[in-house]
Amino acid sequence: MREPFQLPAREIARLTMDGSLKPEDTANFYARRTEDLHQVCNTHTLWDKDAVLNEAEKQIDYIQAARYAHKSLPLAGVPIAIKDNIMVEGQMATCGSRFLRNHRSAYDATVIQKLKAAGAFLFGRTNMDEFAMGSSNENSSYGPVLNPWNRRHVAGGSSGGSAAVVAADMVPLALGSDTGGSIRQPASFCGVLGLKPTYGAVSRYGLIAYGSSLDQIGHFARRVEDLALLFDVLAGPDHLDSTSHRGAPTPTLPTLAQGSLLGTKIALVRDFLGEGLDGEVRAHFEAAMARYRELGAELVEVNLPHIKASIPVYYIIATAEASTNLARFDGIRYGVRVQKPGQNLREVYTQSRSEGFGREVKQRIMLGTYVLSAGYYDAYYAQAARMRELIKRELNAVFASGVHLIATPTAPTTAFELGQKTHDSLAMYLGDIYTIAANLAGIPALSHPIGFDGKGLPIGLQLMAPAFQEATLLRSAYHYEQQNQPQFDKRPRI
Amino acid sequence: MNSKTSHNSTSDLGFEGLLNRYEPVIGLEVHCQLKTESKLFCACKTNFGALANQNTCPVCLGLPGVLPVLNHQAVDYAIAMALAVGAVIREKSVFARKQYFYPDLPKGYQITQYDLPYCEAGRLRLDTGKEIVIQRIHMEEDAGKSIHGDNASYVDLNRAGIPLLEIVSAPELSGPQEAYDYLKKLRAIARYLDISDGNLEEGSFRCDANVSLRPLGSQAFGVRTEIKNLNSFKNVERAITYEIFRQADILESGGLVKQVTLLFDAASGRTQVMRSKEDSPDYRYVPDPDLGLLYLSQERVAQVKSRIPELPEGKSLRFQTEFGLTEADARQLTEEKELAAYFEALVAAVQGKVTAKIVANWILSEYLREHNTRHWTWGQQDLSVEAFAELLGLLGDGTISGKIAKSVFEEMVESGARAPAIIHSKGLVQITDKDEIKAMVQRVLEAYPEQIEQYRSGKHKVFGFLVGQVLKASQGRYNPGLVNDCLKEALHEPAKKD
């Protein structure tokens, strides 16, 4: 019998299906490891070992039945941690918020149904910035996630918990969500892989909405092949999500190792390589790009004149959508209701929302409410929507000119220290500069490790591809990974 | 509490007098509930009268993480309505979120259409021939229902997410009667299309009225008020009439009408201020990112068009030309789709034994009276077309007289028996035996020598009396025409002898 520790998810599934790895051993091993480690980095909003193992038992029966029926389950016996904004029927779903501290989900998200059907084990609920609003995980009502590489530093956000559990080998895979970089940036900060698929490639049904036109469920892994494996499970049309893409997705795993990078044209964005970019990050980024060139890729430079507007455009559109999406959290049907005798309805709403939401969430709701108000809509929201179209067109024009991929650093710095930016919203927002464009344009993007800075903190590189070109994205990262294993294999000491 | 309190300054003017000084300008916003199988954005049922919160799911409960999916049956119904009023259908329209907090609005916003509705610029012709412009029609979801009582409030979300059409008229209706007619016509169309029950009392057809007055001859609009909660045709008329009086009072005393939203209280017959313009909420409309553009192709519109049935106006014209009905009769018969269908079925079933005109008379008088007083529902405890046709056939072939037929009709409705059985058991068959009638005429004339003299001296009025006596003696069974003939013959005979 094999030990499941540090095995790729694809290997766990394969060994489970051929009987050389017992699913109960995998479940027990990772449950013990998560039990030991989850508090160290505050990675979970909910970890209940017994409940997880109870649920795993049902999946083991299912896996056995599939084996006897000679059906292959792509994620048989693979533990997957779930970000706390994705619904699992009967489980708590707090979205990192005190407001939903007692909220139990009444239904499964579409991605959860797919994971269950694929034979996966659902392995706890990971910590996140409240309502996915944040870039450092310091906005969680349950305390910040600490970076496994250095616990004085942030794990990134908003999917910080999911990035950290993969980095610390508590699970081989984790689900996250990405509205402006919430998968890619923590992946970069924690030294793992993170994929934000094309908008509409993976169903959003069951994801607590933040900015609905930007939100995308994606995931974390340690291997490109695992990233591809999970994408192939999750992708596909969903009749419950009107924004999900109707066409059948192209599987990415079968073509992962095909060909080479010869002839692949990668664009560097000149506007992104100046002010604000950390010197060490820049050096590693340039080194990584040199590796890509060595692998046969052709590098070109492009200008994206409107890309600088990404951050204001994002913070108008995302907060506008957030202000309407979060209106349902009014304390009437679920969540916190703060009510004192004699209060009228308006006072109950005000009190509940004032006490239930954290500072950043309130700030964004108020921003969003402001930009949608009568008399301001045209100046802010409508203008931002037009600018978003320009940015989208600009990116599409680059791809139309024969460029296959656009490469940027994932973040301008490595993981910063806890508390360093908590009182400067603007500095925090500026950190999203490289990741936001992919959400505005709805295109797929991933972050992969490219090394470490002088403090031993991981650095990530972002690749963006045209819509529904996940296969190109993953194949390119795979070729890089094959030649640069050590950058991917190094583990934090916890 | 006296609900009939009159208004001081315009009471002497009266409504008609008032209209000599002011022109009322009225626009109606109608919310028409579509009778789709499921809700607008989820698969929940829409049936009326389910247990509280029975017809709900995560989507219409607005639980975190859910997404709306548009019901295409509702869209087809909406297209049908647009086509029926000759409106322009927008190829690409947008769903928007209208935001406000209320416990029966689970998401904190209502999904509706705002600046880009699917339909604009329709029109509706009133009986008077006046055309009213329909500015726009849009689709939206209904909110739930709040029930207040015993120190607590309850929310029932069965209604949340039921599809509505909001149909907005231009401010072109000039009085309560026109408003009433407009509403009736609109409702008839919705019912003909079979897209709504059009029931005001159950709330499947709801109406808000915008009312303003302007001095006769003026072009500028006066300040308008909006009246909500008009849940019957009668209340629409009452509320608008009241509001016209109220505004006229203000204007007559030199005051200014305030732009307010009013609630009509059916019990007192008055309007109450719900909120002023200053309190009017900012709904912060924003395109709903969960739905994207609604694209209505010409093919789809054409497909819906091919399924649109004959509508009241066309049917009424056809009834006039095909059956020779008067405009008034044809219009009344086509007000309800089922009534028109019943009429046509009956005309077919009588197989020419009576004219369509007679069928129309019978339906509009006898049948409708029973239908209304007995609260018949179409197609249920109704009098069957076959039974009715049988009766009219017996009338047409002279078996029974019109008078007898009416009493047989009542008996049929009362007992459920068929006409021949009633006629047989009560011996009501018309007597056409001329000898028998002649003999009875002789007997009656013997009893009234005085009247015979009167008749012969030129007072022909007594003829009717004598006919009546003969018919009475036969208990109505003699053929009235034959009685006439025989009586005339008998009265003229002695004169010949002279």
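The values are calculated or read from the model by the stated rules, or taken from the named source; none is laboratory data. None of these values were measured; they are calculated from a predicted model. Backbone-built Cβ (ideal geometry, glycine too); neighbour counts: all protein chains shown.
Could you please let me know if A:VAL78 is buried (at least 24 other Cβ atoms within 10 Å of the Cβ), touching a helix residue (DSSP H, G or I) at 6+ places or on another chain (Cβ under 9 Å) and either at pLDDT 95 or above or of a type outside the set (A, V, I, L, M) (or both)?
yes
Which residue is nearest to the other protein chains (Cβ to nearest Cβ), if the candidates are limited to region A:105-128 and must be of a type in the set (A, V, I, L, M) and without any contact (Cβ under 8 Å) to a residue 60 or more places away in the chain?
Checked region A:105-128; the qualifying residue nearest to the other protein chains (Cβ to nearest Cβ) is A:ALA106.
Considering only residues of region A:211-235 that are assigned to a loop (DSSP other than H, G, I, E, B) and out of contact with any strand residue (DSSP E or B) (no Cβ under 8 Å at 6 or more places or on another chain), which is nearest to A:ALA257 (Cα to Cα)? Steps first, answer last, please.
Filtering region A:211-235 down to residues assigned to a loop (DSSP other than H, G, I, E, B) leaves A:211-215, A:222-223.
After this cut, where a residue has to be out of contact with any strand residue (DSSP E or B) (no Cβ under 8 Å at 6 or more places or on another chain) as well, the list is A:211-214.
Values: A:GLY211: 35, A:SER212: 34, A:SER213: 33, A:LEU214: 30 Å.
Only one residue tops the list, namely A:LEU214.
How many residues does region A:182-239 contain that are of a type in the set (D, E, K, R) and facing chain B (nearest Cβ under 10 Å)?
3
Which residues, taken from region A:334-348, are over 19 Å from A:ALA106 (Cβ atoms) and within 11 Å of another protein chain (Cβ to nearest Cβ)? Show your work before the answer.
Just the residues of region A:334-348 that are over 19 Å from A:ALA106 (Cβ atoms), to begin with: A:338-348.
Within region A:334-348, A:LEU345, A:ARG346, A:VAL348 qualify.
Tell me the residue from A:VAL300, A:VAL336, A:VAL348 that is in contact (Cβ under 8 Å) with a residue 40 or more places away in the chain, surrounded by 16 or more Cβ atoms within 10 Å (Cβ to Cβ) and over 26 Å from the mean Cα position of the chain (by Cα), please.
On inspection, the qualifying residue turns out to be A:VAL336.
Restricted to region B:271-329, and to residues that are assigned to a loop (DSSP other than H, G, I, E, B) and of a type in the set (A, V, I, L, M), which residue is nearest to the chain's Cα centre (by Cα)? First the steps, then the outcome.
Initially, region B:271-329 is screened for residues assigned to a loop (DSSP other than H, G, I, E, B), giving B:280-285, B:288-292, B:296-297, B:307-311, B:324-326.
Next cut, of a type in the set (A, V, I, L, M) only: B:291, B:296, B:308, B:311, B:325.
Numbers: B:LEU291: 36, B:LEU296: 31, B:ILE308: 20, B:LEU311: 14, B:LEU325: 20 Å.
Selected residue: B:LEU311.
Could you say which residue among A:ASN54, A:ASN85, A:ASN42 is over 30 Å from A:ASP489 (Cα atoms) and either without any contact (Cβ under 8 Å) to a residue 24 or more places away in the chain or not basic (Lys, Arg) (or both)?
That would be A:ASN54, the only listed residue that is over 30 Å from A:ASP489 (Cα atoms) and either without any contact (Cβ under 8 Å) to a residue 24 or more places away in the chain or not basic (Lys, Arg) (or both).
Out of the residues in region A:351-372 that are among the hydroxyl-bearing types (Ser, Thr, Tyr) and surrounded by 15 or more Cβ atoms within 10 Å (Cβ to Cβ), state the one that is nearest to the chain's Cα centre (by Cα).
This residue is A:THR369.
With respect to A:VAL281, is the statement that it is over 20 Å from A:ALA441 (Cβ atoms) and within 14 Å of chain B (Cβ to nearest Cβ) true?
Considered against the rule, which asks whether it is over 20 Å from A:ALA441 (Cβ atoms) and within 14 Å of chain B (Cβ to nearest Cβ), A:VAL281 comes out as no.
Residue check: is B:ASP265 surrounded by 12 or more Cβ atoms within 10 Å (Cβ to Cβ) and within 14 Å of chain A (Cβ to nearest Cβ)?
no
Hey, does region A:447-464 have a residue that's out of contact with any strand residue (DSSP E or B) (no Cβ under 6 Å at 6 or more places or on another chain), at pLDDT 95 or above and polar (S, T, N, Q)?
no
In a helix (DSSP H, G or I) and out of contact with any helix residue (DSSP H, G or I) (no Cβ under 8 Å at 6 or more places or on another chain): is that true of A:HIS479 in this structure? Full working, then the answer.
Details: in a helix (DSSP H, G or I): yes; out of contact with any helix residue (DSSP H, G or I) (no Cβ under 8 Å at 6 or more places or on another chain): yes.
So A:HIS479 fits the description; yes.
For residues in region B:280-320 being among the acidic types (Asp, Glu) and within 14 Å of another protein chain (Cβ to nearest Cβ), which is farthest from B:LYS130 (Cα to Cα)? Break it down into steps so the answer makes sense when it comes.
Narrowing region B:280-320 to residues among the acidic types (Asp, Glu): B:282, B:288, B:290, B:299, B:310, B:313.
With within 14 Å of another protein chain (Cβ to nearest Cβ) added as a condition, the list becomes B:282, B:288, B:290.
Details: B:ASP282: 36, B:ASP288: 38, B:ASP290: 42 Å.
Among them, the one singled out is B:ASP290.
Does region B:220-234 contain at least one residue that is in a helix (DSSP H, G or I), in contact (Cβ under 8 Å) with a residue 12 or more places away in the chain and either polar (S, T, N, Q) or in contact with a Phe, Trp or Tyr (Cβ under 9 Å, 6 or more places away or on another chain) (or both)?
Checked region B:220-234: at least one residue is in a helix (DSSP H, G or I), in contact (Cβ under 8 Å) with a residue 12 or more places away in the chain and either polar (S, T, N, Q) or in contact with a Phe, Trp or Tyr (Cβ under 9 Å, 6 or more places away or on another chain) (or both).
Tell me, which strands (runs of 3 or more DSSP E) wholly within region B:126-182 include 2 or more residues that are within 20 Å of B:LYS228 (Cβ to Cβ), modelled with pLDDT of 95 or more and of a type outside the set (Ser, Thr, Tyr)?
On the way: elements: B:131-141, B:145-149, B:152-156, B:163-169.
Strands (runs of 3 or more DSSP E) meeting the threshold: B:131-141, B:163-169.
I'd like the full set of residues that are among the charged types (D, E, K, R), within 11 Å of chain B (Cβ to nearest Cβ) and either under 17 Å from A:SER97 (Cα atoms) or surrounded by fewer than 23 Cβ atoms within 10 Å (Cβ to Cβ) (or both), limited to region A:303-333.
Residues satisfying the conditions are A:ARG328, A:ASP330, A:ARG333.
Might you let me know whether region B:77-84 holds any residue that is assigned to a loop (DSSP other than H, G, I, E, B), within 27 Å of the chain's Cα centre (by Cα) and touching a residue at least 40 places away in the same chain (Cβ under 8 Å)?
no
Mind checking which residues of region A:34-76 are assigned to a helix (DSSP H, G or I) and β-branched (Val, Ile, Thr)?
Correct list: A:THR34, A:VAL52, A:ILE60, A:ILE63.
One residue is enough: does region B:320-338 have a residue meeting the conditions small (Gly, Ala, Ser) and under 30 Å from A:HIS239 (Cβ atoms)?
No, that holds for no residue.
So A:ALA427 ticks every box in (1) more than 30 Å from A:GLN258 (Cα to Cα); (2) touching a Cys at 6+ places or on another chain (Cβ under 8 Å) but one. Which box is left unticked?
Here A:ALA427 meets the rest and fails (2).
When residues of region A:461-476 are filtered for being outside any helix (DSSP H, G or I) and hydrophobic (A, V, I, L, M, F, W, C), how many remain?
Adding up the residues that qualify gives 6.
State all residues of region B:104-114 that are within 14 Å of chain A (Cβ to nearest Cβ) and within 30 Å of B:LEU311 (Cα to Cα); if no residue qualifies, say none.
B:THR112, B:TYR114
Scan region B:66-103 residue by residue and report those that are among the charged types (D, E, K, R) and within 14 Å of another protein chain (Cβ to nearest Cβ).
Result: B:ARG97, B:LYS98.
Of the conditions (1) surrounded by fewer than 23 Cβ atoms within 10 Å (Cβ to Cβ); (2) aromatic (Phe, Trp, Tyr); (3) within 14 Å of chain B (Cβ to nearest Cβ), A:PHE131 fails just one. Which one is it?
Unmet condition: (1).
Can you name the condition, by its number, that A:ASP169 falls short on among (1) over 13 Å from the mean Cα position of the chain (by Cα); (2) surrounded by 24 or more Cβ atoms within 10 Å (Cβ to Cβ)?
(2) is the only condition that A:ASP169 fails.
So, of the residues in region A:250-265 that are closer than 17 Å to A:GLN482 by Cα and among the hydroxyl-bearing types (Ser, Thr, Tyr), which turns out to be surrounded by the fewest Cβ atoms within 10 Å (Cβ to Cβ)?
Just the residues of region A:250-265 that are closer than 17 Å to A:GLN482 by Cα, to begin with: A:252-262, A:264.
Cutting the leftovers down to among the hydroxyl-bearing types (Ser, Thr, Tyr) gives us A:252, A:255, A:260, A:264.
On the way: A:THR252: 25, A:THR255: 15, A:SER260: 12, A:THR264: 20.
Applying the filter and picking the extreme gives A:SER260.
Within region A:363-380, how many residues turn out to be of a type in the set (Lys, Arg) and facing another protein chain (nearest Cβ under 9 Å)?
Result for region A:363-380: 0.
What number of residues in region A:52-104 are of a type in the set (D, E, K, R), touching a strand residue (DSSP E or B) at 6+ places or on another chain (Cβ under 7 Å) and within 14 Å of another protein chain (Cβ to nearest Cβ)? Can you show your working first?
The first filter runs over region A:52-104 and keeps only residues of a type in the set (D, E, K, R), leaving A:55, A:57-58, A:61, A:67, A:71, A:83-84, A:89, A:98, A:101, A:104.
Now restrict to residues that are touching a strand residue (DSSP E or B) at 6+ places or on another chain (Cβ under 7 Å): A:55, A:83-84, A:104.
Then keep just the ones that are within 14 Å of another protein chain (Cβ to nearest Cβ); that gives A:83-84, A:104.
The qualifying residues number 3.
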